[in-house]
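Read the structure below first, then the notes.
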Amino acid sequence: MRAVVLGSSPWSLRVTDDWPEPAAGSGQVIVRVRGVGVCGSDLALLSGRRRAPAYPWIPGHEAFGEVVATGADVDQARLGQRVVIEPNYPCLKCPSCLSGRTSMCPERVIVGFTAQGTLTSRVAVPAPFAWPVPDDWADTDVVCLEPLAVALAAVRRSGVATGDRCLVVGAGSQGTLLCAALAARGITPYVLEPREGRRELAVSLGAIAADPDDTSFGVVFETSGADAALTEAVTRAAPGATVLLIGLGGEATAVNTGLVVRHQLTLRGSLIYDHPGDFVAAITSPVRSPGRVLRASYPLEQASEAFRAASDVPGKTWIRLT
């Protein structure tokens, strides 16, 4: 079957027609992939900043498609369902999982990073991690559901409430989805983003461009992981504020601990989402048409071009397989 594979050298992507077909094990379904979103973590893998366990390697994890086969112990009624894949499989047995924080599971299987990814014709998925989606959702909305779950988990963990002044630092794809998620809850986010196209997209989703001197935000979301962005996030937080860190920049960053202490700030990390609640929240959320963040689409044959151009797109990119 067809697949996009990465060689051992950075950006050495190619399309192959002879990748082995997956088999549905007990409790699994086979999903025919229809589309895959491009994530910043994919770019870290392709550029060599992150390493795959083996090569050749299939990237991609933000996938949706259709169930075309079922393994033992899976209801046959699942055949034909359009589904979105939750690409993190926790063990559901460790202390973190039993406490409800499956995102912290030390045995978590991470599709595209510790297990082969989804940029291929068909993939085997544990049935509970292939979520049926509403019939009235467009494919462009469904391909954004996984990163939307990340945004909604961050909102939940922040404790932000209606009436709070909140700031989103960085309006990449995660930042823009976060703006949409906040706006859908009746919270008007302010956004800090140096790139005009990204800033305009966030404003179109319900955000307000932040005043350069405004330092009165009770909740701040930092979405990029960059050192300068963390500095902005801490500087603009009001005394007693919560600063939620979502971005994974890949490098150590510095923080003004004096400011954190004097202003009694709370810094908290937010990693992906927790199974199953945050995916249920994404599918049933009041965020309508999350696909509004999409700004570029490529066929499978142009996957390499899609990944290389994604950083410059003021919004999200996805790759079509059908």
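Step by step: first the residues of segment 90-134, then only those that are among the hydroxyl-bearing types (Ser, Thr, Tyr) and touching a residue at least 60 places away in the same chain (Cβ under 8 Å), then the one that is surrounded by the most Cβ atoms within 10 Å (Cβ to Cβ). Which residue is that? Give the derivation first.
Going through segment 90-134, the residues among the hydroxyl-bearing types (Ser, Thr, Tyr) turn out to be 96, 99, 102-103, 114, 118, 120-121.
Of the ones still in play, those that are also touching a residue at least 60 places away in the same chain (Cβ under 8 Å) are 102-103, 114, 118, 120-121.
Details: Thr102: 23, Ser103: 21, Thr114: 13, Thr118: 29, Thr120: 25, Ser121: 18.
It comes out as Thr118.
Return yes or no: is Gly225 on the phi > 0 side of the Ramachandran plot and without any contact (Cβ under 8 Å) to a residue 60 or more places away in the chain?
On the way: on the phi > 0 side of the Ramachandran plot: yes; without any contact (Cβ under 8 Å) to a residue 60 or more places away in the chain: yes.
Yes; evaluated as a whole, the condition is true for this residue.
Looking at segment 292-312, is at least one residue open to solvent by 20 Å² or more (accessible area, probe 1.4 Å) and in a loop (DSSP other than H, G, I, E, B)?
yes
Residues in segment 290-306 that are out of contact with any Ser or Thr (no Cβ under 8 Å at 6 or more places or on another chain) and either touching a residue at least 24 places away in the same chain (Cβ under 8 Å) or among the acidic types (Asp, Glu) (or both): how many?
Taking segment 290-306 and keeping what is out of contact with any Ser or Thr (no Cβ under 8 Å at 6 or more places or on another chain), we get 290, 299-305.
Restricting the remaining residues to those that are either touching a residue at least 24 places away in the same chain (Cβ under 8 Å) or among the acidic types (Asp, Glu) (or both) gives 290, 300-301, 303-305.
Selection size over segment 290-306: 6.
Only one of these is assigned to a loop (DSSP other than H, G, I, E, B) and either under 24 Å from the mean Cα position of the chain (by Cα) or modelled with pLDDT of 95 or more (or both): Arg14, Arg51. Name it. Step through it out loud before you land on a result.
On the way: Arg14 fails: assigned to a loop (DSSP other than H, G, I, E, B).
The unique qualifying residue is Arg51.
Can you pull out the residues in segment 17-48 that are out of contact with any helix residue (DSSP H, G or I) (no Cβ under 7 Å at 6 or more places or on another chain), outside any loop (DSSP other than H, G, I, E, B) and of a type outside the set (S, T, N, Q)?
Listed by number, the residues that qualify are Ile30, Val31, Arg32, Val33, Val36, Gly40, Ala44, Leu45.
Scanning segment 54-73 for residues that are assigned to a loop (DSSP other than H, G, I, E, B) and open to solvent by 20 Å² or more (accessible area, probe 1.4 Å), which turns out nearest to Leu6 (Cα to Cα)?
Filtering segment 54-73 down to residues assigned to a loop (DSSP other than H, G, I, E, B) leaves 54-56, 58-61, 71-73.
Checking which are open to solvent by 20 Å² or more (accessible area, probe 1.4 Å) leaves us with 54-56, 72-73.
On the way: Ala54: 10, Tyr55: 7, Pro56: 5, Ala72: 32, Asp73: 34 Å.
Only one residue fits best here, namely Pro56.
Among Gly71, Gly48, Gly37, Gly25, which is on the phi > 0 side of the Ramachandran plot and of a type in the set (Gly, Ala, Ser)? Lay out the reasoning, then the answer.
Details: Gly71 fails: on the phi > 0 side of the Ramachandran plot; Gly37 fails: on the phi > 0 side of the Ramachandran plot; Gly25 fails: on the phi > 0 side of the Ramachandran plot.
Exactly one residue qualifies, and that residue is Gly48.
What is the one condition in (1) within 19 Å of Val83 (Cβ to Cβ); (2) without any contact (Cβ under 8 Å) to a residue 40 or more places away in the chain; (3) open to solvent by less than 60 Å² (accessible area, probe 1.4 Å) that Thr284 does not satisfy?
Going through (1) within 19 Å of Val83 (Cβ to Cβ); (2) without any contact (Cβ under 8 Å) to a residue 40 or more places away in the chain; (3) open to solvent by less than 60 Å² (accessible area, probe 1.4 Å) one by one, Thr284 breaks only (3).
The values are calculated or read from the model by the stated rules, or taken from the named source; none is laboratory data. These figures come from a predicted structure and were not determined experimentally. Here the Cβ is made from the backbone with ideal geometry for all residues, glycine too, and neighbour counts use every protein chain on show. The accessibility values were calculated without ligands, DNA or RNA, using every heavy atom of the protein model including side chains. Shrake-Rupley method; radii C 1.70, N 1.55, O 1.52, S 1.80 Å.
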